[in-house]
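Enquirer: Before I ask anything, let me first share the structure, which is written out below as structure tokens.
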Amino acid sequence: MKDKLRAELQKFLLVSVYLYVCLLALLLYKAAVLSGSGVHVLSFGFAAGKALILAKFVLIGEAVRLGARRSSRSVLMLILRKSLLFLLLLIVLTILEELVIGLVRGHSVAQTIAEFAAKGVPELLANCLLMLLVLVPLMTVIEASRALGEGSLRRFLLSAPPDGDD
């Protein structure tokens, strides 16, 4: 039980760090673009909190084997299906998260939805596409790790390169 808990915590931390780096890169890009307009926004805490929440959502999806129950013609199709299903899961859970935050702040559900929708369709679609681009490599690593066996991918990545490669 202790080993299982340690393994789950390691997965959570790895996914959180990966998502944090991705979100931080996007945040830095957004800050650079907005600084040209005189707007200065940079919140490392927001990126960290969002990464932790999204990592938990991803691990919940993995725990319920989201996208893994149907057979696939190829590993590539499995990765793409899981990435899309996880994207849908993250969209739904992010909307629920926004509603809860709105209620905690004393906003009505309608007001929270209006604020969320005020971002505009292009921004919402861009966020979804960016999240999909973050999920595809994550699902690839998860599936490669699963196919190679517990710990094999980690051992491979942390091993010395073959002779002749620098």
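The values are calculated or read from the model by the stated rules, or taken from the named source; none is laboratory data. The shown structure was predicted, so the numbers you read here are calculated from the model rather than taken from an experiment. Cβ atoms come from the backbone with ideal geometry, glycine included; neighbour counts cover every protein chain shown.
Enquirer: Test each condition in (1) of a type outside the set (Phe, Trp, Tyr); (2) out of contact with any helix residue (DSSP H, G or I) (no Cβ under 9 Å at 6 or more places or on another chain); (3) surrounded by 11 or more Cβ atoms within 10 Å (Cβ to Cβ) for Ser37 and report the one that comes out false.
Expert: (3)
Enquirer: Which one of Leu78, Leu59 is out of contact with any strand residue (DSSP E or B) (no Cβ under 9 Å at 6 or more places or on another chain) and not assigned by TED's automatic domain parsing to the domain that holds Gln10?
Expert: Numbers: Leu59 fails: not assigned by TED's automatic domain parsing to the domain that holds Gln10.
The match here is Leu78.
Enquirer: Quick test of your reading of the structure: Ser108 fulfils all but one of (1) without any contact (Cβ under 8 Å) to a residue 24 or more places away in the chain; (2) under 20 Å from Lys50 (Cβ atoms); (3) of a type outside the set (Val, Ile, Thr). Name the failing condition by number.
Expert: Result: Ser108 passes all but (2).
Enquirer: Six or more apart or on different chains, Cβ under 6 Å: which pairs go from a residue in segment 118-143 that's over 20 Å from Leu66 (Cβ atoms) to one that's of a type outside the set (A, V, I, L, M) and surrounded by 14 or more Cβ atoms within 10 Å (Cβ to Cβ)? Could you list them?
Expert: Cβ pairs passing all conditions: none.
Enquirer: Here is a further query. Going by the structure shown, is Ser72 surrounded by 13 or more Cβ atoms within 10 Å (Cβ to Cβ), over 30 Å from Ala117 (Cα atoms) and among the polar types (S, T, N, Q)? Write out each step before concluding.
Expert: Numbers: surrounded by 13 or more Cβ atoms within 10 Å (Cβ to Cβ): yes; over 30 Å from Ala117 (Cα atoms): yes; among the polar types (S, T, N, Q): yes.
Taking the combined requirement at face value, the residue satisfies it.
Enquirer: Restricting to segment 42-92, and then to whatever is in a helix (DSSP H, G or I) and among the β-branched types (Val, Ile, Thr), can you tell me which residue is nearest to the chain's Cα centre (by Cα)?
Expert: So the first thing to find is which residues in segment 42-92 are in a helix (DSSP H, G or I), and the list is 44-63, 75-92.
Subsequent filtering for residues that are among the β-branched types (Val, Ile, Thr) retains 53, 58, 60, 75, 79, 91-92.
Working: Ile53: 9, Val58: 7, Ile60: 12, Val75: 20, Ile79: 14, Ile91: 11, Val92: 13 Å.
If we take residues in segment 42-92 being in a helix (DSSP H, G or I) and among the β-branched types (Val, Ile, Thr), then Val58 is nearest to the chain's Cα centre (by Cα).
Enquirer: While we're on this one: Determine, yes or no, whether Glu62 is surrounded by 11 or more Cβ atoms within 10 Å (Cβ to Cβ) and within 30 Å of Leu9 (Cβ to Cβ). Please lay out each step first, then the result.
Expert: Working: surrounded by 11 or more Cβ atoms within 10 Å (Cβ to Cβ): yes; within 30 Å of Leu9 (Cβ to Cβ): yes.
Criteria met by Glu62.
Enquirer: Also: All but one of (1) farther than 23 Å from Lys56 by Cα; (2) at pLDDT 85 or above hold for Val141, so report the exception by its number.
Expert: All conditions are met except number (1).
Enquirer: Separate question: Scanning for something under 15 Å from Cys22 (Cβ atoms) and at pLDDT 90 or above, does segment 99-120 turn up at least one residue? Step through it out loud before you land on a result.
Expert: Just the residues of segment 99-120 that are under 15 Å from Cys22 (Cβ atoms), to begin with: none.
Scanning segment 99-120, I find no residue that is under 15 Å from Cys22 (Cβ atoms) and at pLDDT 90 or above, so the answer is no.
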